[in-house]
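Step one of this worksheet: look at the structure below.
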Amino acid sequence: MTLPFQLGNHQFKIQADSVEEIKGGLILHAAQAHVYVPAPPLSYYRHGWQSWSLTTWQHPNFQLPIQKPAILHPLQTDPIYVKHPSPNGSWLGAVEFEGGNVLLLGSLGLDAHVALHGQQLHGWYEAGNGEWFVGYGKEQSVFAQYAELLGERLGTAPGKPTPRVWCSWYSLYGAIDEGLLERVFDQLGDLPFDVLQVDDGWQVSIGDWEPNEKFPSGMEALAAKIRASGRTPGLWLAPLLAVPSSVLYRQHPDWLLHDVNRNLASAGFNWGEPLYALDTTHPEALDWLSALMKQIRAWGFDYLKLDFLYAGALPGKRHIDMPREAAYRQGLQVMREAMGTDAYFLTCGAPIIPSLGLCDAIRIGPDVAGEWESYRDATLLYNPTTPGTKNAIRTTVNRLWLKPLIATDPDVAYFRSQHTSMTDEQKRMLQDLAQVCKFKATSDIPQWLSTGVREELRAFLDARPEIVRTGRNTFTIDGCLIDFSPAMPLPKPPHGMAALARTLLGWLGNQGFVMRVLNRLGKKALQKMITNL
Ligand code: 9PG
């Protein structure tokens, strides 16, 4: 049915199977929902699929260049919609009108997408039909109401205190070994960290979650060392991925996600290898995941950062035919049950809405990095998901409406003055974002900090400031005005020579050998950086 609807001063036309009025909006039932807005909107809210995917307000007529390289689409975007010609986003979309009010169309279930066609918001479920929320009014209250409805349906996090985390990734990257980690952990001294989290680099392979030769004493010994220092041991893994060099890949090809042509479905490319996804509807794969979670807990790790989780929700042919995000959620549920609700569970690279209610925290933006923005990645590749501080702040701030539902991880803050090209102001913005998110982490090596800066880090970790949101990008932190607007603009799409360079770079980025060389060069640069530690 099509109905005219008065919301605020605006007359909207709504098309759905049924419409029910609730306070502050409407609940629709439909496989396809349409909302016709009375005037051309000023801007459109695009919501990215998983932690790293772009989330931003954009001009409704702006056609976002397709981000490159294409080989990374499954790893950085929802690959189904990456070439969609209209402004579009996962589960929800919103438009802003003159006067500052917004209209939001958001699904209250999984496997849904929204696009803007001129003056029409169009939402659809990939399989079957479901519920939608339509809200109109002040931006913060419309998004808050959407969050509340999502929480009622998918659940909210149990609200454990958010730990302050030292994470090994953004300083040591893959170059960790047990001796080096123990030295750094010692140097942390009495800095008030609750969790020491070992990131990527401890495992034999992506798929083979056993300690490699750099951890000869084993993971149990490492966890015990951390525990003995009075902190909680944390561990990273990417349980839904397998690379060709892994035993998992060789022994269980039937556990992997396939495409309609019965080839393996690509989950992107990283660590110099193509990535493949575990099929979370396969009972043996689920048993394996469950045993893996129990193993990690038995080693003594109580903080789990499960990464690259999008792999469980990629499109493909599954052992049991079911919508892709429902399949992911089933896998997540099995992992949560196996690890126990007493573990602190952070999801990363994770489809946002399908993760709600099953974890404690979620990364809501792409990785930070030592630089604000890279010209190659931002402008030439037009890739807003690659590691970089500006990308991280942009997407994170645009997802803060999720805060009532789950702990929101903005990634680590930087305090160091070595191994970064960021200005003090840029570093400050990341630190402020951590306070706003109430999720504080860093990877800084104490040796890289002067005594003064070490004390700044301590004060940052100890602080519990009062946060007030005063606008889309503005907050007060203990009364002090903070503005994240400098991180919001998207780069200008490349023209002329830059467009040519873009084509060439995009092609190079799709070549496995180029990615392998980049991977090797990265490792060399890293070795140089850590020689004195
Ligand atoms: C470990 C890292 C860290 C980090 C995670 C995740 O687009 N990409 O190619 C891409 C690669 C790695 C990545 C994010 C994006 O980082 O977010 O915190 O744990 O894995 O490998």
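Throughout, read-outs are computed from the coordinates displayed, never taken from laboratory work. None of these values were measured; they are calculated from a predicted model. All Cβ positions, even for glycine, are placed from backbone atoms using ideal geometry, and neighbour counts span all protein chains on display.
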Estimated FRET transfer efficiency (Asp208, Ala39; beta-carbon r; R0 56 Å; 0.05): 0.50
Using alpha-carbon coordinates, inclination of helix 512-530 to the longest axis of the chain, degrees: 50 degrees
Antiparallel DSSP beta bridges within the chain, as percent of all bridges there, nearest 5: 75 percent
Cβ-Cβ FRET estimate between Val514 and Ser229, R0 fixed at 45 Å, reported to 0.05: 0.60
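Less than 10 Å Cβ to Cβ from Ala112, Lys/Arg counted +1 and Asp/Glu -1: what total charge do the surrounding residues give?
Details: positive: none; negative: Asp111, Glu126, Glu131, Glu325.
Around Ala112, the charge tally is -4.
Please compute the length gained on full extension between Thr503 and Tyr375, using 0.36 nm multiplied by the number of residues separating them and subtracting their Cα-Cα distance.
Details: separation 128, 0.36 × 128 = 46.08 nm, distance 1.47 nm.
Extra length available between Thr503 and Tyr375 comes to 44.6 nm.
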Inter-site label distance for Ser217 and Glu466 at 7 Å from Cα along Cβ, in nm: 4.6 nm
Degrees, to the nearest 10: 424-437 long Cα axis against longest axis of the chain: 70 degrees
Computed lengthening from Tyr81 to Lys524, 0.36 nm per intervening residue step minus Cα-Cα distance: 155.9 nm
Simple spin-label estimate for Lys160 and Glu126 in nanometres, 7 Å along Cα-Cβ: 3.0 nm
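Which FRET efficiency value, to the nearest 0.05, do you get for Ala326 and Thr451 by plugging their Cβ-Cβ distance into 1/(1 + (r/R0)^6) with R0 = 41 Å?
Working: r = 53 Å, r/R0 = 1.29.
So, using R0 = 41 Å, E works out to roughly 0.20.
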Helix-only CD estimate at 222 nm, as mean residue ellipticity for the chain, using -39500 (n - 2.57) per DSSP H run (n ≥ 4): -8500 deg cm²/dmol
Near-label residues of the range 1-26 by backbone N, under 14 Å of a point 7 Å along Cα→Cβ of Glu152: 20-26
Karplus (6.51, -1.76, 1.60) ³J(HN,Hα), θ = phi - 60°, over the range 304-312, in Hz, Gly and Pro reported as x: 10, 9, 9, 10, 6, 6, 3, 3, x
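How much length would be gained if the chain were fully extended between Val260 and Cys480, taking 0.36 nm per residue of separation minus their Cα-Cα distance, in nm to one decimal?
On the way: separation 220, 0.36 × 220 = 79.20 nm, distance 5.46 nm.
So the chain would gain 73.7 nm between Val260 and Cys480.
Using per-residue counts of other Cβ atoms within 10 Å, averaged over each peptide, order 194-203, 337-346, 420-429 from highest down. All intermediate terms of the calculation are to be shown ahead of the outcome.
On the way: 194-203: 22.0, 337-346: 18.6, 420-429: 15.2.
So the peptides 194-203, 337-346, 420-429, ranked by packing, come out 194-203, 337-346, 420-429.
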Ser417 long-range amide H proximity, modeled H, under 5 Å: none
Label-point gap, in nm, between Arg250 and His59 - each point 7 angstrom along Cα→Cβ: 5.5 nm
Amide H contacts of Tyr344 (H built 1.01 Å from N, under 5 Å, at least 5 apart or other chain): Tyr303, Leu304
Protection proxy ranking, peptides 453-459, 260-266, average beta carbon neighbours within 10 Å, highest first: 453-459, 260-266
